[in-house]
1. Answer with yes or no whether Leu70 is over 15 Å from Thr271 (Cα atoms) and surrounded by 20 or more Cβ atoms within 10 Å (Cβ to Cβ).
2. Which ones in the stretch 136-167 are polar (S, T, N, Q) and either within 29 Å of Ala115 (Cα to Cα) or within 16 Å of the ligand (Cβ to nearest atom) (or both)?
3. Test of understanding: among Arg201, Arg234, Arg192, which residue is open to solvent by 70 Å² or more (accessible area, probe 1.4 Å), within 23 Å of Gly265 (Cβ to Cβ) and not β-branched (Val, Ile, Thr)?
4. Can you work out which of the residues in the stretch 172-188 that are surrounded by 21 or more Cβ atoms within 10 Å (Cβ to Cβ) and outside any helix (DSSP H, G or I) is farthest from the ligand (Cβ to nearest atom)?
5. Collect the residues in the stretch 35-67 that are among the aliphatic types (A, V, I, L, M), assigned to a helix (DSSP H, G or I) and surrounded by 14 or more Cβ atoms within 10 Å (Cβ to Cβ), keeping them in residue-number order.
6. Can you pull out every residue in the stretch 246-278 that is within 14 Å of the ligand (Cβ to nearest atom), outside any helix (DSSP H, G or I) and crowded, with 22+ Cβ neighbours inside 10 Å?
7. Which one of these is charged (D, E, K, R) and in contact (Cβ under 8 Å) with a residue 40 or more places away in the chain: Lys9, Lys56?
8. Going through the stretch 211-226 one residue at a time, which ones are more than 14 Å from the ligand (Cβ to nearest atom) and crowded, with 20+ Cβ neighbours inside 10 Å?
Amino acid sequence: MSAQIIDGKAFAAKVRGQVAEHVTRIKEENGITPGLAVVLVGEDPASQVYVRSKGKQTVEAGMNSYEHKLDADTSQDDLLKLIADLNADKDVHGILVQLPLPKHLNEDLVINSIAPEKDVDGFHISNVGLLGTGQKSMVPCTPLGCLMMLRDYHGSLSGMNAVVIGRSNIVGKPMAQLLLGDSCTVTIAHSRTKDLPAVVRGADIVVAAVGRPEMVPGDWIKPGATVIDVGINRIDKPEGGTRLVGDVDYASCAEVAGAVTPVPGGVGPMTIACLLANTVTACCRIHGLVEPEGLTA
Ligand code: NDP
């Protein structure tokens, strides 16, 4: 069998188009421009690239982008003060603090100081609790993007066996909650899971979010299963230079799976598209406007 490729790049472009359409409507009908504030502390090169890309795509969708770049030695009090100002700023509907933060800053404290209704990353403890209890919440962008692709491909996910490999707060756990919310039977696997290959072989849906290059081979995959590869790993090429690979061995999985997301061009582009979607959703909720359809869980 040769798997269908789930094209995250094309899907993300469609989501961005839907966001832009909704933004235009909000501007025209309500005179409101959704705004996203991104806070970057320090000069981590990968974070700088992400923040630039987020700002550019925010503006392309017709929204306002506010970038706050702080020195690596910024104090916790100064960062909390900035977040308090952004919480109070009526032009800001979404706030994202780029992670990881420098070691002297308390990540949990910082994230939980963001107003929950502006927490477009969905990491605030209130949003985690709302998602866990099946209530309306801001949903973390990466798992939201995975869910959108799965719903688009399958229609209903009800009754499917799903295995999420990885139990992080930003991907694995919220992914499992979302799949449960769509009535999958969900298993969360992690580094202590016994006989992971057997666990994965029972899955109709596999979401790999581990951070280990090409860890999941094709012979772990049930024929016809859908494989969502969240991993982004940079590895050396034999001929020199580097390339990006996922947590799944794409070549062997593509021979067995029914559908698979590539790396790059799968989950990655969907993550930023969902950040834009969350920003417009946050803006609608804050102002009591009709939310865009299909852009949240
Ligand atoms: P974390 O390091 O926070 O979590 C990794 C998880 O994998 C842990 O739960 C860990 O288990 C589990 N794990 C590690 N080794 C094994 C193993 N041998 N067998 C089974 N499980 C294992 O990573 P993240 O969740 O933050 O990210 C995962 C991957 O997704 C990374 O490659 C990251 O770059 C990528 N990513 C991609 C995004 C995108 O936009 N596409 C966004 C966010 C992340 P335990 O808890 O027991 O240690």
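1. Working: over 15 Å from Thr271 (Cα atoms): yes; surrounded by 20 or more Cβ atoms within 10 Å (Cβ to Cβ): no.
Criteria not met by Leu70.
2. Within the stretch 136-167, the first condition is being polar (S, T, N, Q), and the residues that meet it are 137, 142, 156, 158, 161.
Selection gives Ser137, Thr142.
3. Values: Arg201 fails: within 23 Å of Gly265 (Cβ to Cβ); Arg192 fails: within 23 Å of Gly265 (Cβ to Cβ).
Among Arg201, Arg234, Arg192, only Arg234 is open to solvent by 70 Å² or more (accessible area, probe 1.4 Å), within 23 Å of Gly265 (Cβ to Cβ) and not β-branched (Val, Ile, Thr).
4. Looking at residues that are surrounded by 21 or more Cβ atoms within 10 Å (Cβ to Cβ) and outside any helix (DSSP H, G or I), I get Cys184.
5. Of the residues in the stretch 35-67, the ones among the aliphatic types (A, V, I, L, M) are 36-41, 46, 49, 51, 59, 61, 63.
Imposing the further condition that a residue be assigned to a helix (DSSP H, G or I) reduces the set to 46, 49, 51, 59.
Val51, the sole residue that qualifies.
6. Across the stretch 246-278, the qualifying residues are Gly246, Asp247, Val248, Thr261, Val263, Gly266.
7. Numbers: Lys56 fails: in contact (Cβ under 8 Å) with a residue 40 or more places away in the chain.
On inspection, the qualifying residue turns out to be Lys9.
8. The initial filter retains those residues of the stretch 211-226 that are more than 14 Å from the ligand (Cβ to nearest atom), namely 218-219, 221-226.
Residues satisfying the conditions are Ile221, Ala225, Thr226.
The values are calculated or read from the model by the stated rules, or taken from the named source; none is laboratory data. Since we're looking at a predicted model, the values are computed, not measured. Neighbour counts run over all protein chains shown; Cβ positions are idealised from the backbone, glycine included. The area values use the complete protein model at the heavy-atom level, side chains included, leaving out ligands, DNA and RNA. Shrake-Rupley method; radii C 1.70, N 1.55, O 1.52, S 1.80 Å.
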